[in-house]
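K.L.:
Submitted below is the structure of interest, expressed as structure tokens.
Just so it is clear, none of the values below were taken in a lab; they were calculated from the coordinates. Because the structure is predicted, anything quoted here is derived from the model rather than measured. Cβ atoms come from the backbone with ideal geometry, glycine included; neighbour counts cover every protein chain shown.
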Amino acid sequence: MKYETVIGMEVHAELLTESKQFVASPNLALAEPNTLVDPVTLGLPGALPVLNDRSVDLSLRAVLALECDISRDCFFERKHYFYPDLPKGYQISQRAKCLGFGGFLDITLPDGSTKRIGMNDVHMEEDTGKSTHGEAIGDPDSSLIDLNRAGIPLLEIVSAPDMRSVEEADAYMVALRDILLFLEISDCKMEQGRLRFEASISLRPEGSTEFGTRVEVKNLNSMKSVRDSIKAEIVRQTDLLNKGKQVKQETMLWDEASGTTQSMRSKEHAHDYRYMPEPDLAPLHIDDEWLARVKAEMPELPRLKRERLQKDLGLSAYDVEVLTATPDIANYFEKAAASSKNTRLVVNWVSNELLGRLNASSAIIAESKVAPEQLGALVNLIEDGTISGKIAKEVFDDMFASGKDAATIVEEKGLKQMSDTSELEAICRAVIEKLPKIVEDYRGGKEKAFGALVGGVMKETRGKANPALVNELLKKVLES
């Protein structure tokens, strides 16, 4: 029997706030273990939570970007469960009245087609601590708990089960991460646990409209892990169904080493968590003024940015993809383009020269010593004829290593392009006299020989001659 895969996603994103969700402790999960704990996070008697307004602003950005309906009046609840990294014995979250509900995200698939993925809800909560087990700490029988992460503002985005393949799940993750990054909601560092995907997978006979038994997979610290775990779970469930066995509703852990999903626990239902309204936090009211301010402060959506660059600057879809791979690259490009006279050249220099060197040195664009305005100024030197494109690469090597301005390097090294007609004509004549065989070939109809003559002039001038002028003068001398 053939089965159809049904996939939904729960995404947890730690928000880019300075402090935690309900207390002023710093939002710095990578500090020394257990150095950022406080009475509120620990749930000590008498400690009362106070809502971080900034976390609501950032959450509203996501709700707006995903076209959700907004709960203008919502409230927080206590989600009870007992686990060592949850110090209070409950997590402050939302369920009955989430900040956003409904909505959608349009994804682009590998074949260029688009698909709309529905949203169930978007809600705010606090993160838990972090447990590290076994071999990761050098003792297979021990576990360590770090509560620095407990209380960090967390946004949970729950999709509808609208994805039908690994490719669709992958496209969804990329599109959602782009929104979180470009809107400066989260830094999305999966390796630090600041963005976490949990996939829910079920199978049903092709043509069926009823959902199969859902299995949730956790312990996914990269998009590759998500893709691999979905593939493995599809194989596991297919094998069970083909043998006439039932798929149990449970939570699975992804085991990277074996490439398999492993049972963690039976899947809880909402009533298992004994949700109750959080008595220490007042209901939240989002008024028109608050919403208008958030809209006014929102950065440009990645989809709109790409459409604008393609339309206004005439860039190809490929160029736009490269130049908007991350918000930092997109911002760098736009600043460089704004300070230059030739956008097309800036595209080439950012996508090929700058990103090529950064990739070779395993660096990111934020670590570049060349500021965008400096790159724009380099392009201007090429555009106005001060230096040739070849010399510009030599200059850029120096800029990349030292951070100096292009004009300074050109002046220090005497690299200005030679454009004096009489001086260049004399050099052209000298090269022609040195290379009679090549001249004979050219006059005999071998056009490629002309390139050798141009190369001879460029060698004599150490690459500083104006190439266009060299071409013109060589032809003039050869035809005289």
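K.L.:
First measure r as the distance between the Cβ atoms of S113 and K475, then evaluate 1/(1 + (r/R0)^6) with R0 = 60 Å and state the FRET efficiency to the nearest 0.05.
P.N.:
Details: r = 52 Å, r/R0 = 0.86.
In this case the efficiency is close to 0.70.
K.L.:
Same structure again: Using 0.36 nm per residue, how much length does the chain from V174 to N352 gain when fully extended, once their Cα-Cα distance is taken away? Please list the in-between numbers first.
P.N.:
On the way: separation 178, 0.36 × 178 = 64.08 nm, distance 2.32 nm.
Fully extending the segment from V174 to N352 adds 61.8 nm.
K.L.:
Give me the distance in nm between label points sitting 7 Å out from Cα along the Cα-to-Cβ direction at R308 and R462, one decimal.
P.N.:
Once both label points are built, they end up 4.5 nm from each other.
K.L.:
Size of the chain along its principal axes in angstrom, Cα-based, largest extent first?
P.N.:
The principal-axis extents, from largest down, are 95, 57, 51 Å.
K.L.:
Follow-up. Largest first and to the nearest Å, give the Cα extent of segment 3-90 along each principal axis.
P.N.:
47, 35, 26
K.L.:
Work out from phi, with θ = phi - 60° and the Karplus expression 6.51 cos²θ - 1.76 cosθ + 1.60, the ³J(HN,Hα) of each residue of segment 91-102, listed in order in whole Hz, and give x for Gly and Pro.
P.N.:
Karplus values, whole Hz, x for Gly and Pro: 10, 7, 8, 9, 9, 5, 9, 6, 4, x, 8, x.
K.L.:
While we're on this one: Measuring from the lowest to the highest alpha carbon on each principal axis, how far does segment 181-337 reach, largest first, in angstroms?
P.N.:
61, 48, 36
K.L.:
Collect residues whose amide H, placed 1.01 Å from N in the peptide plane, falls under 5 Å from the amide H of R149; neighbours closer than 5 in sequence don't count.
P.N.:
Here the answer is K130, since their amide H atoms fall under 5 Å of that of R149.
K.L.:
Further, regarding this structure: Just rank F104, F400, F197, fewest to most, by other beta-carbon atoms within 10 angstrom.
P.N.:
Arranged by neighbour count, lowest to highest, F104, F400, F197 become F104, F400, F197.
K.L.:
Averaging over every viewing direction, what projected area does the convex hull of the Cα atoms of segment 421-479 cover, in nm²?
P.N.:
On the way: hull surface 13.7 nm².
It is 3.4 nm².
K.L.:
Taking H placed 1.01 Å from N in the peptide plane, check which residues at least 5 places from I387 or on another chain put their amide H under 5 Å from its amide H.
P.N.:
It is I382, Q417, by chain and number.
K.L.:
By a straight-distance test (C-alpha under 23 Å), which lysines pair with K224 as possible cross-link partners, with residues fewer than eight away in the same chain excluded?
P.N.:
Within reach: K115, K130, K189.
K.L.:
What full-extension length gain, to one decimal in nm, is calculated for K369 and E433 as 0.36 nm per residue of separation minus the Cα-Cα distance?
P.N.:
Details: separation 64, 0.36 × 64 = 23.04 nm, distance 4.52 nm.
Between K369 and E433, full extension yields an extra 18.5 nm.
K.L.:
Which ³J(HN,Hα) values, rounded to whole Hz and listed in residue order, are derived for segment 52-67 from phi using the Karplus coefficients 6.51, -1.76 and 1.60 in 6.51 cos²θ - 1.76 cosθ + 1.60 with θ = phi - 60°, glycine and proline given as x?
P.N.:
Whole-Hz 3J(HN,Hα) from phi for segment 52-67: 7, 4, 4, 5, 5, 4, 5, 5, 5, 4, 5, 4, 5, 5, 8, 6.
K.L.:
Okay, moving on. List the residues whose amide H sits under 5 Å from the amide H of S25, counting only those 5 or more places along or on another chain, with H placed 1.01 Å from N in the peptide plane.
P.N.:
Counting only residues 5 or more places away or on other chains, the set is K20.
K.L.:
Hey, if you drop one equal point scatterer on each alpha-carbon of segment 300-413 and run the Debye formula without solvent, what base-10 log of I(q)/I(0) do you get at q = 0.19 Å⁻¹?
P.N.:
The calculated log intensity ratios at q = 0.19 Å⁻¹ are -0.96.
K.L.:
Testing the spin-label approximation: label points 7 Å from Cα along Cα→Cβ at W290 and T421. State their distance in nm.
P.N.:
Those two pseudo-labels are separated by 7.2 nm.
K.L.:
Next question. Taking Cα atoms, how many degrees apart are the long axis of helix 389-402 and the longest axis of the chain, rounded to 10 and kept between 0 and 90?
P.N.:
With both axes taken from Cα atoms, the answer is about 50 degrees.
K.L.:
While we're here: Considering only C-alpha atoms, what is the centroid distance from segment 102-158 to segment 206-255, in Å?
P.N.:
About 18 Å separates the Cα centre of segment 102-158 from the one of segment 206-255.
K.L.:
For n ≥ 4 DSSP H runs only, could you compute -39500 (n - 2.57) per run for the chain, divide by its residues and tell me the 222 nm figure to the nearest 500?
P.N.:
-12000 deg cm²/dmol
K.L.:
Could you name the lysines in cross-link range of K413, using Cα to Cα under 18 Å and dropping any fewer than eight places away on the same chain?
P.N.:
K390, K393, K404, K459, K464
K.L.:
Using 7 Å Cα-to-Cβ label points, what is the T132/D73 separation (nm, one decimal)?
P.N.:
4.7
K.L.:
Please work out the C-alpha center-to-center distance from segment 270-295 to segment 417-480 and express it in whole Å.
P.N.:
75
K.L.:
Can you give the FRET efficiency to the nearest 0.05 for S208 and A282, using r as the Cβ-Cβ distance and R₀ = 41 Å?
P.N.:
Between S208 and A282 the formula returns 0.35.
K.L.:
I would also like to ask the following. Provide the gained length on full extension for the span D38 to K341, in nm with one decimal, where the gain is 0.36 nm per separating residue minus the Cα-Cα distance.
P.N.:
103.7 nm
K.L.:
In addition: How large is the convex hull of the C-alpha atoms of segment 3-289 per residue, in Å³? Mind showing how you got there, number by number?
P.N.:
On the way: hull volume 41.7 nm³, N = 287.
Considering the Cα atoms of segment 3-289, their hull volume per residue is 145 Å³.
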